[in-house]
Amino acid sequence: MSRFSFELLAKDQQTEARRGKLNTVHGEIQTPVFMSVGTFGSVRALDHVDLETIGVQIILGNTYHLYLRPGADILRERGGYHGLIHWNAPILTDSGGFQIFSLPHQRVVSEQGVEFRSYIDQAARFFSPESNIAFQETIGSDIMMVLDVCVPSTSPRDVAAKAMERTHRWAKRCKQAQKNHANALFGIVQGAIFEDLRKESAQALSELDFPGYAIGGLAVGETDEEREHFTKYTAKLLPVSKPRYLMGVGTPHDLVRAIRAGVDMFDCIIPTNHARQGVAYTFQGKVKLRRAVFATDETPIDTACGCFVCRRYSRAYLHQLIKCDEPTGWRLVSYHNTWFYERLMERCRAEISAGTFASFSQWFLSSAED
RNA sequence: GUGGCUGUAGUCAAGCGGUUAAGACAAUGGAUUGUGAUUCCAUCAUGCGCGGGUUCAAAUCCCGUCAGCCACC
């Protein structure tokens, strides 16, 4: 019996934005939600105490990486990902479809599955939709993702169509392979930047009746305008009562635009990845801490921010840490950015509930550089 | 004092007669969207210690000079 469900709590009148709640084995998640990426078992540069003080509701794990290390045996022994990493809140696992597409390994995709190379020792490994789901169940993921075939969004139509069709066949096989029905398995819509393909994909997956749907294949080469258009276009095609997850996106503006389009869930490496390069995000836009002007700037990243980094440390100090490649600098900026993303989502939820999201989002999108 | 070696960007350094003086680090910008990100890209010496000379052509050869290092008195 599934212990996963989605409740719609409010709907914005002027946009497609929704306020909701996901229920999982490991707890509730308020949506819209941003999910921090924790590929190897930690959100890079942060630890779980940091995540808890920030208010992170759910983190991502990566099937591809966890399959290669530590692998199934250790995960099984340790009680899955939750047990291994001492995290008792929800997790979502990406299937590895994207990694297999994005990593420059030689890989062979056939109807049976995908043969790929380990980034650790280059050994040949294999995922079928069935073995992939079996492994995600070993991980113990609260929300699993189907193994999909991801192609650049700029692919020609026939390439995008073939990838999409195979994604559908694999989605069906993934669903049939699922044994632990307490957890959720989401389908992934493909179709690159072709409206008819997106429509066909949303329809085909809807018929398989997944408890949630992801919009995949974006943020992989298309323009900002195309991304916004296809997010909006695709979200509208998905069942109203199911959560919608825009994979791999994005910048603060991307998130707010996607929420306006009716998306409920996001994940992205931006807040933590950019943090390590000294890029901090605020409601007023980016602060590029590497820049020389900040060497003597005694103000915090954002005076209005309540995070401990902004309460205690100056841009000048963070500039120093980042320039010196100090891990503490990575942590402090990662902390701030994750805090900011969490507060941005919190703000969106509050504005949707209050019925003021349309004007808030308009203000946000026009007032700050992305 | 004598002999030798060395002086090229902020630093280290290639070049040893022939088009616009490698490269690395630093510096200064920029990029980054389902983490192979301590990554990637761009810019950065009208000038080779200084002054002469030889040559069609000199960072490269010659003379002088200054500085540093080493050895010997």
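The values are calculated or read from the model by the stated rules, or taken from the named source; none is laboratory data. Since the structure is predicted, the reported quantities are computational estimates derived from the model, not experimental observations. With ideal geometry, Cβ positions are generated from the backbone for all residues, glycine too; neighbour counts draw on all protein chains shown.
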Open item on the list: Quick check on this structure: which one of A:Arg290, A:Arg260 is more than 14 Å from RNA strand B (Cβ to nearest atom) and at pLDDT 95 or above?
Closed with: A:Arg260
TODO: Give just the number: which of (1) within 15 Å of RNA strand B (Cβ to nearest atom); (2) part of a helix (DSSP H, G or I); (3) surrounded by 15 or more Cβ atoms within 10 Å (Cβ to Cβ) does A:Val249 not satisfy?
DONE: (2)
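Where in the stretch A:2-114 are the strands (runs of 3 or more DSSP E), entirely inside, with at least 1 residues that are out of contact with any helix residue (DSSP H, G or I) (no Cβ under 7 Å at 6 or more places or on another chain) and away from RNA strand B (no atom under 16 Å from the Cβ)? Reasoning before the result, please.
On the way: elements: A:5-11, A:18-24, A:27-31, A:33-37, A:59-62, A:91-94.
Because the criterion is at least 1 residues that are out of contact with any helix residue (DSSP H, G or I) (no Cβ under 7 Å at 6 or more places or on another chain) and away from RNA strand B (no atom under 16 Å from the Cβ), the strands (runs of 3 or more DSSP E) in the stretch A:2-114 that meet it are A:5-11, A:18-24, A:27-31.
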Open item on the list: Taking the condition of being of a type in the set (A, V, I, L, M, F, W, C) and either assigned to a helix (DSSP H, G or I) or in contact with a Cys (Cβ under 7 Å, 6 or more places away or on another chain) (or both), how many residues in the stretch A:117-138 meet it?
Closed with: 3
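Does A:Asp224 count as under 18 Å from the mean Cα position of the chain (by Cα) and more than 19 Å from A:Ile133 (Cα to Cα)? Write out each step before concluding.
On the way: under 18 Å from the mean Cα position of the chain (by Cα): yes; more than 19 Å from A:Ile133 (Cα to Cα): yes.
For A:Asp224, the condition - under 18 Å from the mean Cα position of the chain (by Cα) and more than 19 Å from A:Ile133 (Cα to Cα) - is met.
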- [ ] Taking A:Asp254 as meeting all but one of (1) under 30 Å from A:Ala275 (Cβ atoms); (2) without any contact (Cβ under 8 Å) to a residue 60 or more places away in the chain, write down the number of the exception.
- [x] (2)
- [ ] Mind listing whichever residues of the stretch A:352-370 are without any contact (Cβ under 8 Å) to a residue 12 or more places away in the chain and crowded, with 22+ Cβ neighbours inside 10 Å?
- [x] none
Task: Filtered residues of the stretch A:324-342 (kept if surrounded by fewer than 18 Cβ atoms within 10 Å (Cβ to Cβ) and without any contact (Cβ under 8 Å) to a residue 40 or more places away in the chain) - done: A:Cys324, A:Asp325, A:Glu326, A:Thr328
- [ ] List every residue pair whose Cβ atoms lie under 9 Å apart, where the two residues are 6 or more positions apart in sequence or sit on different chains, the first residue falls within the stretch A:202-213 and is without any contact (Cβ under 8 Å) to a residue 12 or more places away in the chain, and the second residue, located anywhere, is part of a helix (DSSP H, G or I) and surrounded by fewer than 19 Cβ atoms within 10 Å (Cβ to Cβ).
- [x] A:Asp209/A:Lys175
Open item on the list: Condition first: assigned to a helix (DSSP H, G or I), crowded, with 20+ Cβ neighbours inside 10 Å and in contact with a Phe, Trp or Tyr (Cβ under 9 Å, 6 or more places away or on another chain). Can you find one or more residues in the stretch A:174-184 that meet it?
Closed with: no
- [ ] Scan A:Ser153, A:Ser141 and give me the residue that is within 15 Å of RNA strand B (Cβ to nearest atom), buried (at least 23 other Cβ atoms within 10 Å of the Cβ) and part of a loop (DSSP other than H, G, I, E, B).
- [x] A:Ser141
Open item on the list: Condition first: under 12 Å from A:Val333 (Cα atoms) and out of contact with any Gly (no Cβ under 6 Å at 6 or more places or on another chain). Now tell me which residues in the stretch A:287-311 satisfy that.
Closed with: A:Val287, A:Lys288, A:Pro300, A:Ile301, A:Asp302, A:Cys307, A:Phe308, A:Val309, A:Cys310
